[in-house]
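Visitor: What follows is a structure written as structure tokens; I'll ask about it next.
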Amino acid sequence: MSGTLYILATPIGNLGDITFRAIEILKSVDIIATEDTRQTRKLLNHYKIETLMVSYHEWNEIKRSKELCNQIYKGKSIAVVTDAGTPCISDPGFRIVREAQKQQLKVSPIPGANASLSALCVSGLPSDKFYFEGFLPKKKGRKTRFEFLSSLNTSIVLFESPHRLLKTFKDIHDYMGNRFISLSRELTKKFEEIETKPIEYFIKKYEIKKAKGEFVITIAKKEFKL
């Protein structure tokens, strides 16, 4: 009898943001496949979990997906986790799920924290419909993506790194105008910040302030006014 592949969400910052069920699964599976074993070790140590870990990241996921699914076929259960949040959402996970589906193995979601939904629900922007873009292209295809995003009539959620934050603000302004955006920094962590202002405010702010931390940008549709 084959085992189960669990796609398991971990906290995006605060280690308390994990479900009881997720902890039980992490303790009971045979293997935890993780994006960064050093990062996941902090979570496992916090909850006194001693399950074997193996690396599963963008550089080895094609080969590792087949290896892990072969283990599941033989009866082992495996939980896939990422550094933070829900696997497969701008993080590794899709390929092993696809391989498991091909082999008709059982796949089960263990829901939990998600940075994009957390940022959206505290943004003050319309959330009845939204588009998740994740990380924008760094160079090739960036202009095309912004032209597409500017045509949407919904809130838009982006992830961005500190060193590209100001460039992205300026691109939003150039392609989409002075829209309202909500900037969520370090969600659930000690220095959490959430601000919703016109894009010009953030351009001026980060032209003089160095960006630090992890950022989620939620962009309002064109006609939105706070």
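Visitor: So which residues in the stretch 73-100 are at positive phi and touching a Gly at 6+ places or on another chain (Cβ under 9 Å)?
Guide: Listed by number, the residues that qualify are G75, G85, S90.
Visitor: Would you check if E195 is in contact (Cβ under 8 Å) with a residue 12 or more places away in the chain, within 21 Å of R142 (Cα to Cα) and among the charged types (D, E, K, R)?
Guide: Here the answer is no, as E195 does not meet what is asked.
Visitor: Then there's this: So, of the residues in the stretch 71-105 that are of a type in the set (V, I, T) and at pLDDT 95 or above, which turns out to be surrounded by the most Cβ atoms within 10 Å (Cβ to Cβ)?
Guide: Looking at residues that are of a type in the set (V, I, T) and at pLDDT 95 or above, I get V81.
Visitor: Go through the stretch 144-190 and give me each residue that's without any contact (Cβ under 8 Å) to a residue 24 or more places away in the chain, more than 20 Å from D91 (Cα to Cα) and among the basic types (K, R).
Guide: Matches in the stretch 144-190: K167, K190.
Visitor: What pairs come out if I take residues in the stretch 23-36 that are touching a residue at least 40 places away in the same chain (Cβ under 8 Å) and pair them with residues that are aromatic (F, W, Y) and surrounded by fewer than 22 Cβ atoms within 10 Å (Cβ to Cβ) whose C-beta lies under 8 Å away, six or more apart or interchain?
Guide: Close Cβ pairs satisfying both conditions: L26/Y47.
Visitor: If I filter the stretch 57-70 for residues that are under 30 Å from L183 (Cα atoms), touching a Lys or Arg at 6+ places or on another chain (Cβ under 9 Å) and either surrounded by 15 or more Cβ atoms within 10 Å (Cβ to Cβ) or free of Cβ contacts under 8 Å to residues at least 12 places away in the same chain (or both), do I get at least one hit?
Guide: yes
The values are calculated or read from the model by the stated rules, or taken from the named source; none is laboratory data. Keep in mind it's a predicted model, so treat the numbers as computed, not measured. Note that each Cβ is placed from the backbone with ideal geometry, even for glycine, and that neighbours are counted across all protein chains shown.
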